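The values are calculated or read from the model by the stated rules, or taken from the named source; none is laboratory data. Remember, it's a predicted structure, so these values are computed and weren't measured experimentally. All Cβ positions, glycine included, derive from the backbone under ideal geometry; neighbour counts span all protein chains shown.
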Amino acid sequence: MARIGKYVVTGELGRGSRAVVSSALDPGIGRPVAIKVMQKAGVAPPVLDRFRRQAQTAGQLHHPNIIAIYEYEEDAASAWIAMEIVHGKTLREHLAAGYRPAPGEVPELLVHLLEAVDFAHGAGVVHGALSADNIFVAANGAPKLGNFGERPADEASDVQAAAALVQEVLGDQPVFAGALRQGHASARALLDALRAAAKPRGGVTANVDALRRAIRAPAAAARSAARRLPGVLFVDDEERVLNALASLFDGVYDVATAASGAAALELLKARRFLVLVSDQRMPGMTGVELLREARSLAPSTVRLLLTGYSDLSAIIGSVNESEVFRFISKPWDQDDLRATLAEAVDVAIALEAAEASGRRTVKSEAPVLVVGEPAAARGLRELAAGAYAIEEAADGATALDIVAQREAGVVVCDLQGDADPAALLRVLKHEAPRTQLIVVSAVSDAEVTIGLINEARIFRLLAKPVNLSVLHRAVLAALERHGRFAAAPGLARTEAAKPGRDSAQSRGLLARLKGLVSRGGGA
């Protein structure tokens, strides 16, 4: 039998100009799948990139009306996507065969499709090619949306395409003419307008969402009371994002939502939340501003910043002003988001336990290690006036020699090297989580900065040329934090960093440090 990667091909489902879709079987678990295969020969690199993007885009989504992506793989000859197999026809085929919904009604098929589009947009994912050709109707009548990412697009063009699709399905019904003439800001708004225009069925209005919320609210409250679910607060000015997040974590956490920073602060005053997740770009109060206020109002609440924009000033502010635990980029990966929230809840519980223990914070006597910044070391010595000890290292290798002998309370350094500039910081945080890291750098790359937050848990990021007074205050705050960890060793786990890039540089540094320790350093 023919194979594509690990999959056993069982037949052909369809063929296009560049790709062939086959039915197949995953022999490991016996699951039937559809395999979309593109041969690389004669195919331009942008086309292959677009094919890969289709898998990456849709692979982030888990929704009953979106075709699930299981895997993307490629070899020297071809690339393929393994996905959920749908036994049925496209919506285009059904329309050609004469399908039309009852007059004056919004069929469940359109309801489910618009909800799927709204869900995708809430996760920051745009379809780009909404049409009846890309909607597959299963044998039980359930629609499945596929072929995400075929063309670059934005949410507005998706909503326009959705309106055109609705028009195609409903036809020229006067009852819906007004709803379809309007410009809608979202797929949810389009669906609400259609429901408002539709004829009521059996005396029951078409506002299914309100009914769902009414049913779900007492059930959620009962679950929360019975199991005391951890409280998580999501803040975003876009309702569809809040709906997507609330749906994703329904039953896992006691979820509350707020559409503005001001509303979130009122909720924080009224009740206890273990985790606060905020969008950055909101009218009235940005996410960084909200998290800064929350840090004072609820210091043991773990703070995460969620945004789809590479706003470097916001990213730096999230470190220096808000002390965020993680920076989450939109569109988020659902499994990664679940893991991050679970870790944040665990950290919040540890912080609250430490607060309840009433341990007195002892001033850290550990030295401040300044790496490759002699001018900064001289300035700190003058400002410290003996308040803390300063040691110097010329480079990363020398810094490892020192920390292998004794723990540093604070490390001050710039990024090291070109291939993997954050390698030293990741290794230091992994091996000595209590040590606080202050980065003094001219870095202007948002992706690198996000990596420093998530993978090295840096305490501060200060721009060059550095203001020595600001650096001195940052060192004092970092030593206080180190002292808190020294007084409560269990708190060290709250400094856990997300697994980072595995590079030759990081492996070399880690091997050097472990070798030094094994020879008698004992960090």
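If you scan region 446-473, which residues turn out to be surrounded by fewer than 19 Cβ atoms within 10 Å (Cβ to Cβ), among the hydrophobic types (A, V, I, L, M, F, W, C) and touching a helix residue (DSSP H, G or I) at 6+ places or on another chain (Cβ under 8 Å)? Once the filter is applied, which keeps residues that are surrounded by fewer than 19 Cβ atoms within 10 Å (Cβ to Cβ), among the hydrophobic types (A, V, I, L, M, F, W, C) and touching a helix residue (DSSP H, G or I) at 6+ places or on another chain (Cβ under 8 Å), region 446-473 yields 446, 463, 468. Consider region 135-161 and keep the residues that are touching a Pro at 6+ places or on another chain (Cβ under 8 Å) and closer than 17 Å to residue 14 by Cα. The one that is surrounded by the fewest Cβ atoms within 10 Å (Cβ to Cβ) is 137. For region 1-21, name all the residues that are farther than 16 Å from residue 84 by Cα and in contact (Cβ under 8 Å) with a residue 60 or more places away in the chain. Across region 1-21, the qualifying residue is only 5. State which residue is farthest from the chain's Cα centre (by Cα) when the search covers only region 1-26 and only residues that are at pLDDT below 85 and outside any strand (DSSP E or B). Only one residue fits best here, namely 1.
Any idea which residue in region 115-134 is surrounded by the fewest Cβ atoms within 10 Å (Cβ to Cβ), counting only those that are charged (D, E, K, R) and out of contact with any strand residue (DSSP E or B) (no Cβ under 8 Å at 6 or more places or on another chain)?
Step by step, filter region 115-134, then rank; the result is 115.
Against the numbered list (1) more than 30 Å from the chain's Cα centre (by Cα); (2) modelled with pLDDT of 65 or more; (3) more than 16 Å from residue 366 (Cα to Cα); (4) crowded, with 17+ Cβ neighbours inside 10 Å, residue 516 comes up short only at (2). Just checking, does region 53-72 include any residue being of a type in the set (Asp, Glu) and more than 21 Å from residue 337 (Cα to Cα)? There is no residue in region 53-72 that is of a type in the set (Asp, Glu) and more than 21 Å from residue 337 (Cα to Cα).
When residue 57 is tested against (1) among the β-branched types (Val, Ile, Thr); (2) modelled with pLDDT under 85; (3) part of a loop (DSSP other than H, G, I, E, B), just one condition goes unmet, and that condition is (3). Among the residues of region 271-295, those identified as assigned to a helix (DSSP H, G or I), farther than 15 Å from residue 344 by Cβ and either at pLDDT below 90 or within 21 Å of the chain's Cα centre (by Cα) (or both) are 287, 288, 289, 290, 292.
Only residues that are of a type in the set (Asp, Glu) and in a loop (DSSP other than H, G, I, E, B): list them for region 116-172, please.
Matches in region 116-172: 150, 154, 172.
The number of residues in region 250-267 being buried (at least 21 other Cβ atoms within 10 Å of the Cβ) and either outside any strand (DSSP E or B) or among the basic types (Lys, Arg) (or both) comes to 2. Screening residue 458 with (1) in a loop (DSSP other than H, G, I, E, B); (2) touching a strand residue (DSSP E or B) at 6+ places or on another chain (Cβ under 9 Å); (3) farther than 28 Å from residue 339 by Cα gives one miss only, at (3).
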